[in-house]
Amino acid sequence: MMDNSEQTAFIELENVVFRRGPRTILDDFSLSIPQGKVVAIMGPSGVGKSTVLKLITGQLKPASGRVIVNGQRVDVMSDRQLNQYRKTLGVMLQNSALFTDLSVYENVALPVREHTGLTETIIRRLVLTKLHAVGLRGALDLYPRELSGGMARRVALARALVLDPALVLYDEPFTGLDPIAVATVNQLIGHVNRALSLTSVLVTHNVEQINQLADLAVILVEGKVAASGSPEQLIEDQSPAVRQFMNGLPDGPVPFHYPARDLSEDLLA
Amino acid sequence: MTGGGIIDQTNRALRDIGLCGLFLLQIVGRLRLSTRQWGEVMRQLYFIGTRSLVIILTSAFFVGMVLGLQGYNTLVQFGASESVGAVVALTLFRELGPVLTALLFAGRAGTSIAAEIGLMKATEQLDALELMAIDPIERVVLPRFIAAVLALPMLTALFNMLAVLGSYLFAVEWTHLDQGLFWSRMQSVVDFQADYVSGFIKSVVFGIVIALISVFQGYTAEPTGRGVAIATTQTVIVGSIIVLVLDFVLTALLI
Ligand SMILES: Nc1ncnc2c1ncn2[C@@H]1O[C@H](COP(=O)(O)OP(=O)(O)OP(=O)(O)O)[C@@H](O)[C@H]1O
Ligand SMILES: [Mg+2]
């Protein structure tokens, strides 16, 4: 909103408050993600990174504040509008979520079958291209139970990209991958992002991959954005929270513990 | 999760019945009768049918033999042993066929439907469908529901057939009852309308009830291993109780 130079915001979270029972997960949280960029969201486990993604997909609604994607208010959409919106979205969930009773091929083909009237020949070409890109064209007849965790993530990636979405959300795409697969997935995310000029949001703890891939990185701590900027800026940043996170230090302003009573109180109770 | 007071439990039960009813409306509202939907229904029907076939046919055969044995032992004292076929058929068509098949079906097919849907929920497959703008109720719940509703009456018919066969083998092969007498007594006593159709109506109602409970338990399960375990047990417990209660109500209405 502020600067309309080349970076129009594609996703805008404005003063979002999100609660789970008595706990406030996101507290007056604002985040702006420019169109066409790869944005990394970092932060300690349980801070609410997946929650942010679920607000963007409309799976969760904020208690107050606004979620705007591509000029549309996601937080007030009807079910029908949400369905329309989600057709333009690619999502890779934290645990792959492949359909267990469909083969790899059918998993990737499902969104195409559902939302386009393409012929079987074209569907096949489309699906094979995507599977080839993640290096799993040979695995098309396998079932999810026959895949390793890393293979399943790559199939999920192919499935998220099969309809060439305008926005792709990745929840921890590198977890459980071997170094070669990490590099492959990394390249792939960067490549599709540039080739299709789509916007990518990824949640990850992998600082090295962020340096290579992200245009912008955001660190969440205790319901707020603690720091944001290009990876280079964050590496230079001297604030304690950023230092702790980028260097993986156990102690510092970022709490390791889920909110709790004093330990001695619990032990003596 | 401890039981809570009786008021609490009643409240919860009433709420669940309400939610179940709403869920049924949601399912039925998505009935399209498109080729693709029916293709999926047929696929589920095949799974559900083949899964339940062995247990239902084996049980039916032995139930038939026991009925034949008990019936013969009683009837022979009155010199009416040739009526054993008729007695067995009446018991089966009116009561035991629909009820036993429904109970076995809840334990075999109902639990696996509940577990399957619950597991899909726990592994975020249902979320993934929603995120692809695919309706999980239409895609996952509806085909299993319709398939289960269709399967139970068919399985009941098979149960009845096998049980009659069991009693026939006992009466004719074992006690050497005249087989012409066995069949003709059965034919003259059993009334298609009063006996067979009323049993069929029961099995249709039981099918709807068990199908609904299974998909509801699976769909509303807590998305964890424990949640799925609770959903499957609840399917058997609630399903069996409701079948037995409804059996009484339906018998009273149909007689
Ligand atoms: N279904 C739920 N019910 C209740 N609380 C939840 C639920 N899902 C998440 N939470 C809470 O919300 C908080 C944020 O969860 P979220 O999944 O967004 O964390 P995250 O940052 O993605 O963590 P991770 O890196 O471990 O995936 C957590 O502290 C968790 O306790
Ligand atoms: Mg997460």
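The values are calculated or read from the model by the stated rules, or taken from the named source; none is laboratory data. All values reported here derive from a predicted model rather than from experimental measurement. Reconstructed Cβ throughout: ideal geometry from the backbone, glycine too, with neighbour counts over all protein chains shown. Accessible surface is based on the protein model in full, side chains and every heavy atom, while ligands, DNA and RNA are left aside. Shrake-Rupley method; radii C 1.70, N 1.55, O 1.52, S 1.80 Å.
Okay, residues lined up against (1) under 17 Å from the mean Cα position of the chain (by Cα); (2) open to solvent by 10 Å² or more (accessible area, probe 1.4 Å); (3) away from ligand 2 (no atom under 16 Å from the Cβ):
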| position | (1), (2), (3) |
| --- | --- |
| A:Val185 | yes, no, yes |
| A:Thr199 | yes, no, yes |
| A:Val203 | yes, no, no |
| A:Leu220 | yes, no, no |
| A:Lys224 | no, yes, yes |
| A:Gln233 | no, yes, yes |
| A:Ala241 | no, yes, yes |
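Within region B:245-254, one or more residues are polar (S, T, N, Q), part of a helix (DSSP H, G or I) and in contact with a helix residue (DSSP H, G or I) (Cβ under 8 Å, 6 or more places away or on another chain). Pairing each residue of region A:168-191 that is more than 24 Å from A:Thr57 (Cα to Cα) with any residue that is modelled with pLDDT of 85 or more, provided the two are 6+ apart or on different chains, yields C-beta distances under 6 Å for A:Val182/A:Phe174.
Selection over region A:19-73 of residues that are within 14 Å of chain B (Cβ to nearest Cβ), within 16 Å of ligand 2 (Cβ to nearest atom) and of a type in the set (A, V, I, L, M) gives a count of 4.
Do we have A:Leu161 as under 17 Å from the mean Cα position of the chain (by Cα) and under 26 Å from A:Val221 (Cβ atoms) here? In short, no.
Residues that are of a type in the set (Asp, Glu) and either more than 10 Å from chain B (Cβ to nearest Cβ) or open to solvent by 70 Å² or more (accessible area, probe 1.4 Å) (or both) within region A:108-121 comprise just one, A:Glu120. If you filter region B:99-132 down to residues that are of a type in the set (Ser, Thr, Tyr) and either surrounded by fewer than 24 Cβ atoms within 10 Å (Cβ to Cβ) or without any contact (Cβ under 8 Å) to a residue 12 or more places away in the chain (or both), you find that the one that is farthest from the other protein chains (Cβ to nearest Cβ) is B:Thr111.
To keep it simple, each residue is scored yes or no on (1) among the basic types (Lys, Arg); (2) more than 30 Å from A:Glu208 (Cβ to Cβ).
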| residue | (1), (2) |
| --- | --- |
| A:Gly43 | no, no |
| A:Gly58 | no, yes |
| A:Met77 | no, yes |
| A:Arg80 | yes, yes |
| A:Lys87 | yes, yes |
| A:Gln94 | no, no |
| A:Phe99 | no, yes |
| A:Arg113 | yes, yes |
| A:Ile123 | no, yes |
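Quick one: which residue in A:Val17, A:Val39 is over 30 Å from A:Glu208 (Cβ atoms), in contact with a Ser or Thr (Cβ under 8 Å, 6 or more places away or on another chain), within 16 Å of ligand 1 (Cβ to nearest atom) and not in a helix (DSSP H, G or I)? Within the list A:Val17, A:Val39, the selection yields A:Val17. Does at least one position in region A:122-130 carry a residue that is modelled with pLDDT under 95, under 18 Å from A:Tyr170 (Cβ atoms) and away from chain B (no Cβ under 14 Å)? So far as region A:122-130 goes, yes, one or more of its residues are modelled with pLDDT under 95, under 18 Å from A:Tyr170 (Cβ atoms) and away from chain B (no Cβ under 14 Å).
Residue by residue, here is whether (1) open to solvent by less than 80 Å² (accessible area, probe 1.4 Å); (2) at pLDDT 90 or above; (3) closer than 28 Å to B:Ser112 by Cβ holds:
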position	(1), (2), (3)
B:Met1	no, no, yes
B:Asp8	no, no, no
B:Arg32	no, no, yes
B:Thr35	no, no, yes
B:Ile56	yes, yes, yes
B:Val63	yes, yes, yes
B:Leu67	yes, yes, no
B:Gln70	no, yes, no
B:Leu92	yes, yes, yes
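Looking at the structure I just gave you, is A:Val155 farther than 28 Å from A:Gly71 by Cβ, away from ligand 2 (no atom under 16 Å from the Cβ), within 14 Å of another protein chain (Cβ to nearest Cβ) and of a type in the set (Val, Ile, Thr)? The answer is yes for A:Val155. For A:Leu142, the stated conditions hold: it is modelled with pLDDT of 95 or more and closer than 22 Å to B:Thr123 by Cα. Take the residues of region A:166-178 that are within 14 Å of chain B (Cβ to nearest Cβ) and open to solvent by less than 10 Å² (accessible area, probe 1.4 Å): which is farthest from ligand 2 (Cβ to nearest atom)? By that ranking, first place goes to A:Leu167. Given the structure, is A:Ala181 of a type in the set (Gly, Ala, Ser), away from ligand 1 (no atom under 16 Å from the Cβ), crowded, with 16+ Cβ neighbours inside 10 Å and at pLDDT below 85? Yes. Return yes or no: is B:Leu103 in a helix (DSSP H, G or I), over 25 Å from A:His115 (Cα atoms) and modelled with pLDDT of 95 or more? Yes. From the list A:Gln94, A:Gln84, the lone residue that is of a type in the set (S, T, N, Q), within 16 Å of ligand 2 (Cβ to nearest atom) and surrounded by fewer than 23 Cβ atoms within 10 Å (Cβ to Cβ) is A:Gln94. For region A:147-194, the set of residues classified as touching a Pro at 6+ places or on another chain (Cβ under 6 Å) and under 15 Å from A:Ala214 (Cα atoms) consists of A:Val185 only.
Keeping to region B:179-223, report how many residues are part of a loop (DSSP other than H, G, I, E, B) and open to solvent by 40 Å² or more (accessible area, probe 1.4 Å). The qualifying residues number 4.
Scanning region A:43-79 for residues that are in a helix (DSSP H, G or I) and either within 23 Å of A:Thr204 (Cα to Cα) or within 15 Å of ligand 1 (Cβ to nearest atom) (or both) turns up A:Lys49, A:Ser50, A:Thr51, A:Val52, A:Leu53, A:Lys54, A:Leu55, A:Ile56, A:Thr57. Pairing each residue of region A:82-107 that is facing chain B (nearest Cβ under 8 Å) with any residue that is among the aromatic types (Phe, Trp, Tyr) and crowded, with 24+ Cβ neighbours inside 10 Å, provided the two are 6+ apart or on different chains, yields C-beta distances under 9 Å for A:Val91/A:Tyr170. Among residues of region B:133-155 that are within 11 Å of chain A (Cβ to nearest Cβ), those with a beta-carbon under 6 Å from a residue that is outside any helix (DSSP H, G or I) and open to solvent by 10 Å² or more (accessible area, probe 1.4 Å) at least six positions away or on a different chain give the pairs B:Ala133/A:Lys87; B:Glu138/B:Arg30.
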